[in-house]
1. If you go through the range 213-247 one residue at a time, how many are within 23 Å of the chain's Cα centre (by Cα), in contact (Cβ under 8 Å) with a residue 40 or more places away in the chain and more than 13 Å from the ligand (Cβ to nearest atom)?
2. Restricting to the range 222-235, name every residue that is among the charged types (D, E, K, R) and either part of a loop (DSSP other than H, G, I, E, B) or in contact with a His (Cβ under 8 Å, 6 or more places away or on another chain) (or both).
3. Go through the range 354-372 and give me each residue that's more than 12 Å from the ligand (Cβ to nearest atom) and either part of a helix (DSSP H, G or I) or surrounded by 23 or more Cβ atoms within 10 Å (Cβ to Cβ) (or both).
4. Only one of these conditions is not met by Asp257: (1) within 13 Å of the ligand (Cβ to nearest atom); (2) touching an Asp or Glu at 6+ places or on another chain (Cβ under 6 Å). Which number is it?
5. What single numbered condition from (1) in a helix (DSSP H, G or I); (2) over 20 Å from Val317 (Cα atoms); (3) of a type in the set (A, V, I, L, M) fails to hold for Leu92?
6. For the range 159-186, enumerate the residues that are within 17 Å of the chain's Cα centre (by Cα), away from the ligand (no atom under 16 Å from the Cβ) and farther than 12 Å from Gly120 by Cβ.
7. Any idea which residue in the range 331-353 is nearest to Gly233 (Cα to Cα), counting only those that are without any contact (Cβ under 8 Å) to a residue 60 or more places away in the chain and away from the ligand (no atom under 12 Å from the Cβ)?
8. Restricting to the range 333-355, count the residues that are of a type outside the set (Asp, Glu) and under 17 Å from Ala200 (Cα atoms).
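The values are calculated or read from the model by the stated rules, or taken from the named source; none is laboratory data. Worth saying up front: this structure is predicted, and the values here are computed from it rather than measured. All Cβ positions, even for glycine, are placed from backbone atoms using ideal geometry, and neighbour counts span all protein chains on display.
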Amino acid sequence: MFVTYTVRHILEDNPMPTTAPSTPLAASRSRALDEPGAAGGAMPTMRAITADRYGAPADVLRLRRVERTTPGKGEVLVSVAAAGLSRAALHLTTGTPYLVRLFGFGFRAPKHAMGIEVAGTVAAVGAGVERLAVGDQVFGYAPGACAEFAVARADKLALRPEGLDVVHAAALVDSASTALQAVRDHGRVQAGERVLVLGASGGVGSFAVQIAKAAGAEVTGTASTAKLLFVAGLGADHVVDHTAGDPLRVADGAPFDVILDLGGNRPVKALRQALTSTGRLVIVGGEGGGKLTGGFQRQILAPLRGVGSSQDLMTFVSTEHHRFLDDLAAMAVAGEIAVPIDRTHPIDEAPQGLARMEAGTLRGKDVVVIGP
Ligand SMILES: NC(=O)c1ccc[n+]([C@@H]2O[C@H](COP(=O)([O-])OP(=O)(O)OC[C@H]3O[C@@H](n4cnc5c(N)ncnc54)[C@H](OP(=O)(O)O)[C@@H]3O)[C@@H](O)[C@H]2O)c1
């Protein structure tokens, strides 16, 4: 039954595009206006971090001047103040796992400017948009976020409350929303439960630790040696160095009521052995699972292994909707969670920011500051 739910969920929330997306084609696949031979037309232009092929961030990402786009039906043009960097931005820059190229983001080269997490001001609204108006301060999902302007679906943008500045809002989008859905909606973490976060130092994990703590759980977080203090600072009750041995064997707090699997691609069998007999395993992701699928098959097949078991094994693809961002903003403003910013970068240094993620050096989130 769960498998049916998962597949339906993925298809509903991430529909394969049936028409060419109206979002920033100009900010991406059109010729950059500062390339030799490009003629600047009457279209307004903007600066954007784009790539003309897939590859390592430092090799392919450049700050270019490109045509600005206009919002289509149900869409909004955002004047971008800041763009958060997430794993999705890295996947969509490298084009790996290759599976991501099948989801409408470009087969041979990225279709959009880099980035999907945005904070800024509504500059124009498309037909049918009633919830947002020009001048609104917003944050949310926008393909091509790392540019002076980005087009977003209105239902993927939340109003930014006064107590949340643009840099922190830009870092409170995909990673944070994924963490919220993993902890609250799929993991169903309750007060007093023991929770293991595998990959607690990254974008998703740094929020997951805090959200699980806010729910009253006893949290164990794993990270590499240099990031253990960072994870402890997020409020984790126990920290485990995943480079020093198998965290599933040595982790304090085992067996766990809930395991949130964000890194390491460990076999489902080993994860289950660290769970209580009625525990929940939520596989969110993990790098290093191969260039073709990135280990996605492990995620998809996990629920099958739980059939007939009292353990609940699940995976999900994060739903992109403003309702999760509204909840996160309320939690941040109330001080229940902090937005863990590691570094900010000016727009021309955005490629270095993404390269830090690729190298595995960042703690929490990096943000590119773009607008005033
Ligand atoms: N299902 C979804 O909808 C969804 C949404 C967003 C993200 N994701 C996926 O979730 C994963 C985590 O995303 P993220 O943004 O948090 O990435 P990230 O910021 O790069 O963090 C990766 C985390 O994995 C840890 N890690 C690396 N090797 C590990 C190992 N062998 N064992 C345990 N942990 C290890 C890292 O720890 P150290 O750096 O300390 O080594 C770090 O905490 C990615 O694969 C991403 O694609 C899925």
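1. 1
2. Of all residues in the range 222-235, those among the charged types (D, E, K, R) come to 227.
Result: no residue meets the conditions.
3. Step one: of the range 354-372, the residues more than 12 Å from the ligand (Cβ to nearest atom) are 355, 367-372.
Answer for the range 354-372, where residues must be more than 12 Å from the ligand (Cβ to nearest atom) and either part of a helix (DSSP H, G or I) or surrounded by 23 or more Cβ atoms within 10 Å (Cβ to Cβ) (or both): Ala355, Val367, Val368, Ile370.
4. (1)
5. Here Leu92 meets the rest and fails (2).
6. Passing the criteria: only His168.
7. Narrowing the range 331-353 to residues without any contact (Cβ under 8 Å) to a residue 60 or more places away in the chain: 334-335, 342-343, 345-346, 349.
Now drop any that are not away from the ligand (no atom under 12 Å from the Cβ), which leaves 334-335, 343, 345-346, 349.
Values: Ala334: 18, Gly335: 15, Arg343: 17, His345: 23, Pro346: 27, Glu349: 28 Å.
Of everything passing the filter in the range 331-353, Gly335 is nearest to Gly233 (Cα to Cα).
8. Let us first name the residues in the range 333-355 that are of a type outside the set (Asp, Glu), namely 333-335, 337-341, 343-347, 350-355.
Imposing the further condition that a residue be under 17 Å from Ala200 (Cα atoms) reduces the set to 337-341.
Residues meeting the conditions: 5.
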